[in-house]
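The values are calculated or read from the model by the stated rules, or taken from the named source; none is laboratory data. Keep in mind it's a predicted model, so treat the numbers as computed, not measured. Neighbour counts are summed over all protein chains in view; Cβ atoms, including those assigned to glycine, are modelled from backbone coordinates with ideal geometry. Note: areas computed on protein heavy atoms with side chains; ligands, DNA, RNA excluded. Shrake-Rupley method; radii C 1.70, N 1.55, O 1.52, S 1.80 Å.
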Amino acid sequence: MNRTVLFLGTGDGQLLKVILDENFTSNCPEVIYEIKEETPVFYKLVPHPKKNMYIYVTAGKEVRRIGVANCNKHKSCLECLTAADPHCGWCHSLQRCTFKDDCVHSESSENWLDISSGPKRCPQIHISRRGKDKATVALVGSVPARRSGCVVRNADTGRELCKGESRPNETCTCSILTAAPYKDVLVVNVTFSFGSWHLSKRFNFANCSSLRECPVCVGAGCAWCRSGRCVHPFTACSPSDSYRNQEPCQAAVERRAPSQTTGGRGFAKSNRTHRGSQVFSVESIEPQKISTLGKRNVVVMGANFTQASHGIVMVLKGTSTCDEDVIQVSQVLNDTHMRFSLPSSRKEMKDVCIQFDGGDCASVGSLSYIALPHCSLLYPATTWISSGGQNITIMGRNFDVIDNLIISHELKGNINVSEDCMATYCSFSAPSLKGSKVRTNVTVKLRVQETYLDCGSLQYLEDPRFTGYRVDPEVDTELEVKILKENDNFNISEKDIEITLFHGENKQLNCSFENITRNQDLTTILCKIKGIRTANSIASSSKKVHIKLGNLELDVEQESVASPWYFLIGLPILLVIVIFVAVGVTRHKSKELSRKQSQQLELLESELRKEIRDGFAELQMDKLDVVDSFGTVPFLDYKHFALRTFFPESGGFTHIFTEDMHNRDASDKNESLTALDALICNKSFLVTVIHTLEKQKNFSVKDRCLFASFLTIALQTKLVYLTSILEVLTRDLMEQSSNMQPKLMLRRTESVVEKLLTNWMSVCLSGFLRETVGEPFYLLVTTLNQKINKGPVDVITCKALYTLNEDWLLWQVPDFSTVALNVVFEKIPENDSADVCRNISVNVLDCDTIGQAKEKIFQAFLSKNGSPYGLQLNEICLELQAGTRQKELLDIDSSSVILEDGITKLNTIGHYEISNGSTIKVFKKIANFTSDVEYSDDHCHLILPDSEAFQDVQGKRHRGKHKFKVKEMYLTKLLSTKVAIHSVLEKLFRSIWSLPNSRAPFAIKYFFDFLDAQAENKKITDPDVVHIWKTNSLPLRFWVNILKNPQFVFDIKKTPHIDGCLSVIAQAFMDAFSLTEQQLGKEAPTNKLLYAKDIPTYKEEVKSYYKAIRDLPPLSSSEMEEFLTQESKKHENEFNEEVALTEIYKYIVKYFDEILNKLERERGLEEAQKQLLHVRVLFDEKKKCKWM
């Protein structure tokens, strides 16, 4: 069997399967998967590495596993094998079309028929006449070679007519005599048994006498006589007739076959066609796009349609489907127009031609079947109720196939509205719902054929209320009109509003809309009148403003302004009153100021007492309820762990080292890289190259780190050799350090060997990290997150009340309380499991933003169900449900508070006045292209700008009050956070400096023994030197890097706040390994003071740890080599070593002359020098071929 299968992803979300035969002729393409959202399929389709039954498809933000065939849709063996799908075949034991792996005993070629067998090998039960006196029941086709039995029964009575059993490796046959008793048998059931499976067929002989053709007669199980009659198989032909067996009928079928095969209709390139003397022409078809549901009213335009006498048909031929659709004309409207009703179809473009009176097909062009419309955004979502007329826009796709747009009201039913639709948007004028109750919600629907599609909800509110207007002449040729309106939830645009100013003797001027601004009390609509001459006189004579909002029209009166004459008369009286009042107020304020100062001092004292008492009580009583059931620890695989450790600041290298590894052939390495690989495996050459590179002034620290990491990857499968290189380079580094300060060795990453040691530790300790340290480390990060989120967190600055780092302490703390929410999760296809709990109680803070509440709700779902919800945070919305009222919750909306300096305060749970027990619904966003708010300097959350520091903007009754805040009052929160994570932290530290099963990890024991041996060789007697070497090589070079970067180990996101807390933990960890006694005073940094009492205990444990390792029996060289060899085998084919070799060569060629000169001066490297020149020649040839 030689077949080529193509999987093709389309731009509108379809996955097509095309099968090519030996001549590369394709079958009819099959749509094996279709994405409802119509997101384009990513160009890279990945087959399952082990099972050829699946393919991985990437589209949008998801990866889907799709079956490569739907074998079950083929209901018979003939249909299964005729489909010619190489993935499918007929399974005898299951009696259905399956994948080969799904068929029991599929290794037996007789139990599973693939397409190479051909449809002729499908087992079929035949009844044939082999003589005058009997009919034979037999099985033709391929069946397993085993003993079989067969039986024929009368279906009406159940009586057995014949029964047989085969010999080994033969098929059963059964004969029935053509006797009179059997002529009344009309229906028989024939069953063949093959062990555990059966093959059955029912024959109905009631219509034998009505069949007029031999092949049809024999195929139905009847008998064909010479005279051309079809008779019952169990009755004999007349004496003058002799029987006919099946062979002549087979020949008849073969002769008829060519005439039965219908070729495709020829599509004429011309749009004109002749039938006799009559000329027909077709010009166009409307519409040119219809939905996959089809369309009843498709009109074709042309000429001479009424002249067709024998009928008109439309022929549709798809670009991917192979069958033609032939549709009779529904109605010829006149000589130039006719109407067709088109059936449903899958998404594709079809060629259309019209055939008149059976003549040639005249081409009309193409017709596109596209997916049903999809709505993503309805804007604005509110309108006024009495008159309507506001312009509403729907965004989405495929709106050009809708039949009409409908507003569905619970009392008034469906209201048809006129719409203006293009492919990606639809606009309509909101109808009036006068007489309905205020705050009525209606559903906007699209009708396509008989299908109604929801497009979202439109809310009708009470009409807008205008309070007045002001006219200000800017210059003598321009007027500025400001119209004041009460705040509401309407989104009024320039298209919705028309403004006319009336002045003088009923004169009017059109005012051009400029903008709308909103403050806490009123909304101002600004418009301007330009190009006038007497702006001042028009302003003084203005009478009213006429406003038209859609169909709503109303007049607005000018704000009343007192006459200037009255003002001048009342001014002296007012001045006298003001003087008396001022004297009285001054005396009263003096007393009031003294009283307020006394109250503020009392308030300050009370606040200090309360905060200190609360801090003390929290330290003694607070207990963090740690969620232990955090599910599976989300470890990164080794490949990504290693790359994040090797290249912490160069994320761009990750993909080039990992892509296409499963398809890479190990024997496919090109000659130049093979030669370079052999060259760097020369220890003397590699050490010389490294020393030469380090002596170059422009070989920076970053270059040294990158070179070490490239070298680690290139030698990933040769860890024994890499370890020997590490030993040589470490000895050389000791020689350099011994002349200066040996205690500084390995303290920084300034050489290739120091970075190489970090990478080597990462490779060798990855297993220990995952098996022993990983779980307590993840529990620490999780517990720390829980403690931080227990109190207020400012979402803009990431500062929090609970922290370990004073720099991240939120001391501007508002009053807060816990709110228990009843959260209902909408059912989505991504999480459709029956055992998922969708009603969850979640505790949030009333000062949490909506985004923070989303995160806590998601975390609660994960903790409850052990699996995530299935959507990203930016893909969901929250909705407050209070009775029949629903309110969408957003961080910023029209109700957001805007402070005096224009800064917007983010909405919180408290802002929406959500109380305990409120129901919150989680649902998927309709608009899939909208993104969450990106916070900037124009937003604030808990830390208010300086201008607002002395007022409480959350409630009018507290306005003017300010709670005195001192940062030092909240330092106890650092201690509270430390206490909450203390047990988890100690568990982590002790898992790091523990010896599982009284054995140290091989890499640690080996390298510590190596350092002890080197100190002894160099006659270093100071034990502090060796202690510092060990500390610099393991805790400093490896563990601190891990503790500060949990994203290196786990698939999590590290926030800036968590980073600050982990820095404090890492500092305490390193202090435990320090030999210096800390002298801390009251003025010492809090980050040092926090763990000051714990450090001495940790130091003793570290000393015991170092001593226990030293006292362990030394590792033999064979044990270490076996460990390194096993680690090398584990990581075969993890990385693309060719990329690493190429990067190494770039450094070599950059300093080629210096390296070559060094090789010339060194003895014993002559061969390496020749090999290096040869490598350069190979790379230069490769470069000429443009392979690089």
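Tabulated data
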| item | result |
| --- | --- |
| Residues within the stretch 497-518 that are farther than 19 Å from residue 463 by Cβ and out of contact with any strand residue (DSSP E or B) (no Cβ under 7 Å at 6 or more places or on another chain), tallied | 4 |
| Pairs with Cβ under 6 Å, 6+ apart, first in the stretch 9-38 and more than 14 Å from residue 63 (Cα to Cα) and in a strand (DSSP E or B), second hydrophobic (A, V, I, L, M, F, W, C) and open to solvent by 60 Å² or more (accessible area, probe 1.4 Å) | 16/8; 18/6 |
| Complete set of residues in the stretch 293-317 that are under 23 Å from residue 400 (Cα atoms) and free of Cβ contacts under 8 Å to residues at least 40 places away in the same chain | 301 |
| The one condition in (1) more than 30 Å from residue 789 (Cβ to Cβ); (2) crowded, with 16+ Cβ neighbours inside 10 Å; (3) not aromatic (Phe, Trp, Tyr) that residue 1083 fails to fulfil | (2) |
| Total residues in the stretch 1003-1050, condition in contact (Cβ under 8 Å) with a residue 40 or more places away in the chain, surrounded by fewer than 20 Cβ atoms within 10 Å (Cβ to Cβ) and over 29 Å from residue 640 (Cα atoms) | 9 |
| When residues of the stretch 969-998 are limited to those that are within 16 Å of residue 1104 (Cβ to Cβ) and charged (D, E, K, R), the one surrounded by the fewest Cβ atoms within 10 Å (Cβ to Cβ) | 990 |
| Residue match in the stretch 1091-1105 (condition: open to solvent by 20 Å² or more (accessible area, probe 1.4 Å), more than 47 Å from the chain's Cα centre (by Cα) and of a type in the set (Asp, Glu)) | yes |
| Any hit, the stretch 831-838, residues being modelled with pLDDT under 90, open to solvent by 30 Å² or more (accessible area, probe 1.4 Å) and touching a strand residue (DSSP E or B) at 6+ places or on another chain (Cβ under 9 Å) | yes |
| Which numbered condition residue 740 fails, given (1) of a type in the set (A, V, I, L, M); (2) touching a helix residue (DSSP H, G or I) at 6+ places or on another chain (Cβ under 9 Å); (3) at pLDDT below 90 | (2) |
| Residues being surrounded by 16 or more Cβ atoms within 10 Å (Cβ to Cβ) and closer than 26 Å to residue 533 by Cβ - total across the stretch 471-496 | 7 |
| Filtered residues of the stretch 741-799 (kept if in a loop (DSSP other than H, G, I, E, B) and farther than 30 Å from residue 977 by Cα) | 741, 745, 746, 747, 748, 749, 750, 751, 765 |
| Count of the stretch 383-420 residues which are open to solvent by less than 20 Å² (accessible area, probe 1.4 Å) and among the polar types (S, T, N, Q) | 2 |
| Residue within the stretch 907-920 that is loosely packed, with under 13 Cβ neighbours inside 10 Å, at pLDDT below 80 and of a type in the set (S, T, N, Q) present | no |
| Single residue of 929, 950, 964 found to be within 30 Å of the chain's Cα centre (by Cα), modelled with pLDDT under 90 and open to solvent by 30 Å² or more (accessible area, probe 1.4 Å) | 929 |
| Some residue of the stretch 315-323 being buried (at least 16 other Cβ atoms within 10 Å of the Cβ), part of a loop (DSSP other than H, G, I, E, B) and at pLDDT 55 or above | yes |
| Looking only at the stretch 538-581, and only at residues there that are among the hydroxyl-bearing types (Ser, Thr, Tyr) and open to solvent by 60 Å² or more (accessible area, probe 1.4 Å), the one that is modelled with the highest pLDDT | 540 |
| Boolean, residue 117 is open to solvent by less than 10 Å² (accessible area, probe 1.4 Å) and touching a strand residue (DSSP E or B) at 6+ places or on another chain (Cβ under 9 Å) | no |
| Selected residue [open to solvent by 30 Å² or more (accessible area, probe 1.4 Å), closer than 20 Å to residue 121 by Cβ and at pLDDT 85 or above] from 191, 173 | 173 |
| Top-ranked residue of the stretch 139-170 - restricted to ones that are aliphatic (A, V, I, L, M) and over 14 Å from residue 233 (Cα atoms), ranked as surrounded by the fewest Cβ atoms within 10 Å (Cβ to Cβ) | 145 |
